[in-house]
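Input: a single structure, listed below in structure tokens.
Computed from the coordinates by the stated procedures, all read-outs in this text should not be read as laboratory data. Every value quoted in this text rests on a predicted model; they were computed, and no experiment measured them. Cβ placement follows ideal geometry from the backbone for every residue including glycine, while neighbour counts extend to all protein chains displayed.
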Amino acid sequence: MPNVAFINGAFVPLADAKVSIEDRGFQFGDGIYEVIRTYHGRPFSLDAHLARLDRSARALNLTQPYSRADWTQHVLEGIKRAAYPEAKVYLQITRGVAPRDHAYSDDATPTVVMTVREFHPLDRSIQATGVDAMTTEDIRWGRCDIKSVNLLANVLARQQVKQAQVFEAILVNAGLVTEGAVSNVMVVERGTVVTAPEGPRILSGVTRAVVLDLALSEGLPVQEHFVSQTDLYAADEVFITGTTVEVLAVVRIDGKTIGDGRPGPITQRLAASFTSRVG
Ligand code: PLP
């Protein structure tokens with residue numbers, strides 16, 4: 001099956017999907033995106049992803065070209081056309097094509113792109129053993145809540161991850177853990193699940209919200225506040241959440257063992273609840 005692309009309202013083969021070099025997404029990273037995965041062929045938490053796309057668009061004064069219902073229809077159509085057992089849907093809206101000038105015109109026509117590719121879930125053995133992470137300085141801008149295609153700081157962090165041969169970079173801003181380069185970070189301290197609060201310092205993850213809900217519905221105490229890097233190393237358990245990683249234990253950070261070096265009981269419990277939630 002071919003990877004499916006959608007560009008400004010039309011489905012085309014991926015190889016034929018082209019945008020102008022004058023697109024502001026290319027020139028300035030002036031755009032937003034979402035990544036959604038399917039379970040059993042159905043997009044998971046599509047409404048929550050589309051709601052966040054709306055929030056990102058509003059924050060950047062970017063015209064949302066489609067209603068929630070239109071987006072839903074396009075996403076479902078893309079998934080159907082691609083016909084993969086499981087798919088990863090990528091949506092991007094940029095402020096469109098214009099002669100290069102930092103300031104934008106209010107009547108710019110956005111460029112809309114969607115791709116649907118095959119999704120390969122993480123190997124179950126990784127979930128069983130947990131992963132290594134590293135910390136790195138959070139050098140991002142002050143609006144990390146906007147899911148912007150401007151991802152340079154994340155690109156650099158992920159390159160460090162690749163070089164260090166670990167799984168994820170945990171970002172630290174002035175001694176406090178914000179989130180992962182492509183995930184949210186949660187720690188367990190004496191039975192309480194703690195994660196950074198929503199706000200400009202983190203991306204409000206769709207998986208984060210689902211996992212916090214699951215924790216609360218299982219009677220686990222949850223607190224939303226920043227944890228220091230020192231408390232991160234000393235946590236009983238650490239795990240990351242995200243669309244592609246789901247709930248994944250972090251068992252070593254910067255070479256230091258977390259807890260007893262194995263996925264902890266609360267992480268395992270939440271990972272299992274997440275698996276049953278997604279069917
Ligand atoms: N934080 C960052 C910086 C991300 O890039 C992502 C996902 O790509 C997440 C958190 C997790 O968000 P979600 O659960 O919506 O995939």
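Compared with the dominant Cα axis of the chain, that is its longest principal axis, helix 206-217 is turned about 40°.
Region 139-159 and region 23-74 have their alpha-carbon centroids 17 Å apart.
For the chain, the residue among Ala5, Ile139, Asn184 whose Cα projects farthest onto the positive side of the dipole built from Cβ charges is Ala5. Its residues counted as N, region 89-140 yields a C-alpha radius of gyration over 2.2 N^0.38 Å of 1.97. If you wrap region 151-279 in the convex hull of its Cα atoms and look at it from every side, the mean projected area works out to 7.5 nm². Size descriptor for region 134-187, Kirkwood hydrodynamic radius: 11.3 Å (Cα pairs only, one decimal). Calculation over all alpha carbon pairs of region 66-220 in 5 angstrom steps from 0 returns a P(r) of 2, 7, 12, 14, 18, 18, 15, 10, 3, 2, 0, 0 percent.
Taking the C-alpha atoms only, the angle from helix 46-59 to the longest principal axis of the chain is near 70 degrees. For Phe274, put the label point 7 Å out on the Cα→Cβ axis and report which residues of region 240-264 keep their amide N under 11 Å from it. Once the point is set 7 Å along Cα→Cβ of Phe274, 240-250 turn out to lie under 11 Å by backbone N, inside region 240-264.
What ranking do 232-242, 47-57, 26-36 get when scored by the average of other Cβ atoms within 10 Å per residue, highest first?
232-242, 26-36, 47-57
Expected output is a single nm value to one decimal: the length gained when fully extending between Leu216 and Glu137, i.e. 0.36 nm times separation in residues minus the C-alpha distance. What is it?
Gain on extension, Leu216 to Glu137, equals 25.4 nm.
As a size descriptor, the averaged projected area of the C-alpha convex hull of the chain was calculated at 14.7 nm².
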